[in-house]
1. Any number yet on Rg/Rh for segment 6-63, C-alpha, Kirkwood?
2. So what's the back-of-envelope 222 nm ellipticity for the chain, counting only DSSP H runs of four-plus at -39500 (n - 2.57) apiece and dividing by all residues, rounded to 500?
3. First select every other residue whose beta carbon is under 14 angstrom from the beta carbon of Glu27; then total the charges, Lys and Arg +1, Asp and Glu -1.
4. Note down the nm distance, to one decimal, between modelled labels 7 Å out along Cα→Cβ at Ala65 and at Leu14.
5. I need the phi-derived Karplus couplings for segment 56-68: 6.51 cos²θ - 1.76 cosθ + 1.60, θ = phi - 60°, integer Hz, Gly and Pro marked x.
6. Can you list the GluC sites (Glu not before Pro) in segment 1-69 that are in a DSSP coil and have 13 or fewer other beta carbons within 10 angstrom?
Amino acid sequence: MNLASDDLLNAFRLSGEKVRVIRDEMEQNDVLGIVVAWDDERVMIRKASRRVVQLSRGYTYESAAAPRSASS
């Protein structure tokens with residue numbers, strides 16, 4: 001399992017940039033939001049609805065401004 005690095009997550013947190021979390025091949029299952037915090041296994045994302053969700057670090061994290069990558 002390829003975990004999101006601390007450096008990547010910290011860069012997203014400090015910039016306040018919206019991220020896209022790709023969980024599978026279906027784009028409608030992506031989670032969009034801002035990185036709030038993380039630990040060894042989970043990342044907390046604040047969605048636009050202000051709801052905070054915990055997601056696995058094993059998912060793909062990328063900038064929401066960039067086109068969605070094909071890999072999941």
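Each reported figure results from applying straightforward, stated rules to the coordinates on display, with no laboratory input. Owing to the predicted nature of the structure, the values given are computational and were not obtained by experimental measurement. No Cβ is skipped: glycine too gets one built from the backbone with ideal geometry, and neighbour counts run over all protein chains shown.
1. 0.92
2. -4000 deg cm²/dmol
3. Around Glu27, the surrounding residues sum to -1.
4. 1.6
5. 5, 6, x, 6, 8, 10, 8, 5, 6, 6, 7, x, 5
6. Those satisfying the criteria are Glu17, Glu25, Glu41.
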